[in-house]
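Novice: Take a look at this one; I'll ask things after.
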Amino acid sequence: MNTCLWRMTNRCNFDCEYCYVRRTPYPEYEPQDIDLLDQKIDESWKIIFTGGEPFLIPGFVDLCHRVATKHKIAIDTNLSVTSEVKKFVEAVRPEQIHYLYIACHIEQREKRNNLREFLENLDLLKRKGFGNSIALNYVLHPRLFDRLEKDREMFLDHGFSLSPTFMGGEFEGKPYPESYTPEQMAKFNIEKTWVGPFHSKGLLCKAGHTFFSMQPDGEIHRCECDTRRIGDLKTGFSLKETSYPCEIEICSCLGELLVEADRKEVLNRSCSPFNKF
Ligand code: SF4
Ligand code: SF4
């Protein structure tokens, strides 16, 4: 499905130590004219709302309601803004959702004493029919390996499977994910699944053709790594008729899913030291 990734904000009510978005200078959010978006892209496009935390944007639920009249929507969220989550389940129908990518950030919940509230929000989504759209992400900070199984069981008791994902960042002076131990890698069978940043220059890529990213102020980029402006929602932008070569040395965004190359070639181009096949 064609995809618009809408980076809405870098603001968040959590302060995860591995978060790169909060450290990235993005412009402030500006409300956009969705009629203009609809003139540019048809219903074959899905819209992914990402942040920061999209539910902090004033009027976000109304925006979801409006955009979902034409497009499937997806949201990356920490599901912590309970008052907005309650409005969301009434404003949008489950069949309008492509996915809800919900991050656990378990230590952040415990720090704020709102793990129970999180579980209640998940239960609410399930009761309202959104359960099949949920992917529950669990960033594997090295501190969490010892408790992962217990947490996994707790979420399973609520009917949700966890999807562990790599942590990208530093811990105790070591870079991750490169510094996971062989036992950790083997336990979660993650070594064959992670491409990570890869040498992308020259590969044909669908970004700029069937994919684009929109910044918080409405500026349009080919993707999150190629940050050159190709237009904006107000004055217009144009996409290419076909895939075209990547001009960025190293892709660390969604190129793994967008390049016209088989997975083996992408893995061979990976910068990760544990992906040399
Ligand atoms: S919840 Fe997501 S956006 Fe917010 S600080 Fe954590 S990683 Fe960053
Ligand atoms: S490979 Fe990555 S950096 Fe290059 S155009 Fe595609 S998405 Fe952008």
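Novice: Rounded, prolate or oblate for the chain? Axes are the square roots of the Cα gyration tensor eigenvalues, ordered a ≥ b ≥ c, and the cut-off for rounded is a/c under 1.5.
Specialist: Numbers: a/c = 1.76, a/b = 1.07, b/c = 1.64.
Oblate.
Novice: What net charge is computed for the residues neighbouring L115, neighbours being all others with C-beta under 11 Å from the C-beta of L115, Lys and Arg scored +1, Asp and Glu -1? List each step's numbers first, then the result.
Specialist: Numbers: positive: R109, K111, R112, R116; negative: E107, E110, E117, E120, D151.
Net of charged neighbours comes to -1.
Novice: Same structure again: How large is the charge dipole for the chain, taken about the Cα centre, if only the Cβ atoms of Lys, Arg (+1) and Asp, Glu (-1) carry charge, to the nearest 20 debye? Walk me through the numbers before you get to the answer.
Specialist: Details: 37 positive and 42 negative charges, 56 e Å.
Magnitude of the dipole: close to 260 debye.
Novice: Now a separate question. I'd like the GluC sites (Glu not before Pro) in the stretch 42-115 restricted to DSSP loop residues with at most 13 other Cβ atoms within 10 Å, sorted by number. Write out the running numbers ahead of the final one.
Specialist: Values: sites: E43, E84, E90, E95, E107, E110; in loops: E43.
Counting only loop positions with at most 13 other Cβ atoms within 10 Å, the GluC sites (Glu not before Pro) in the stretch 42-115 are E43.
Novice: Specify the residue with the greatest mean-square fluctuation among T165, T82, T181, computed from a Gaussian network of the chain linking alpha-carbon atoms under 10 Å apart.
Specialist: Ranking T165, T82, T181 by mean-square fluctuation puts T181 first.
Novice: Moving to a separate point now. For K40, give me every one of the aspartates and glutamates with a C-alpha distance below 16 angstrom, ignoring sequence neighbours fewer than eight places off in its own chain.
Specialist: Reachable aspartates and glutamates: E219, D232, E241.
Novice: I'd like the antiparallel share, as a percent to the nearest 5, of DSSP beta bridges with both residues in the chain. Please report the intermediate quantities before stating the final value.
Specialist: On the way: 16 of 43 bridges.
Counting DSSP beta bridges with both partners in the chain, the antiparallel share is about 35 percent.
Novice: What are the lysines whose alpha-carbon lies under 28 Å from the alpha-carbon of K46, with same-chain residues fewer than 8 places away excluded?
Specialist: Cross-link targets: K70, K72, K86, K87, K126, K128, K201, K206, K234, K240, K264.
Novice: On to the next question. Could you work out the local net charge near D33, counting Lys and Arg as +1, Asp and Glu as -1, over the other residues with Cβ closer than 15 Å to its Cβ? Mind dumping the intermediate values first?
Specialist: Details: positive: K40, R66, K70, K234; negative: E30, D35, D38, D62, D217, E219, D232.
Every neighbour counted, the sum reads -3.
Novice: Is it possible to state the helix-based mean residue ellipticity at 222 nm for the chain, with each DSSP H run of 4+ residues giving -39500 (n - 2.57), the sum divided by total residues, to the nearest 500 deg cm²/dmol? What is it?
Specialist: -7000 deg cm²/dmol
Novice: Same structure, new question: Report the local net charge at P216: Lys and Arg +1, Asp and Glu -1, summed over other residues whose C-beta lies under 12 Å from its C-beta.
Specialist: Details: positive: R7, R11; negative: E28, E30, D217, E219, D232.
For residues surrounding P216, the net value is -3.
Novice: Throw me the Rg/Rh for the stretch 71-228, computed over C-alpha atoms with Kirkwood Rh, two decimals.
Specialist: On the way: Rg = 18.1 Å, Rh = 18.1 Å.
A ratio of 1.00.
No value in this document is a laboratory result; all are computed from the given coordinates. This is a predicted model, so every value here is computed, not measured. For neighbour counting, all protein chains shown are included, and Cβ atoms are generated from backbone atoms with ideal geometry for every residue, glycine included.
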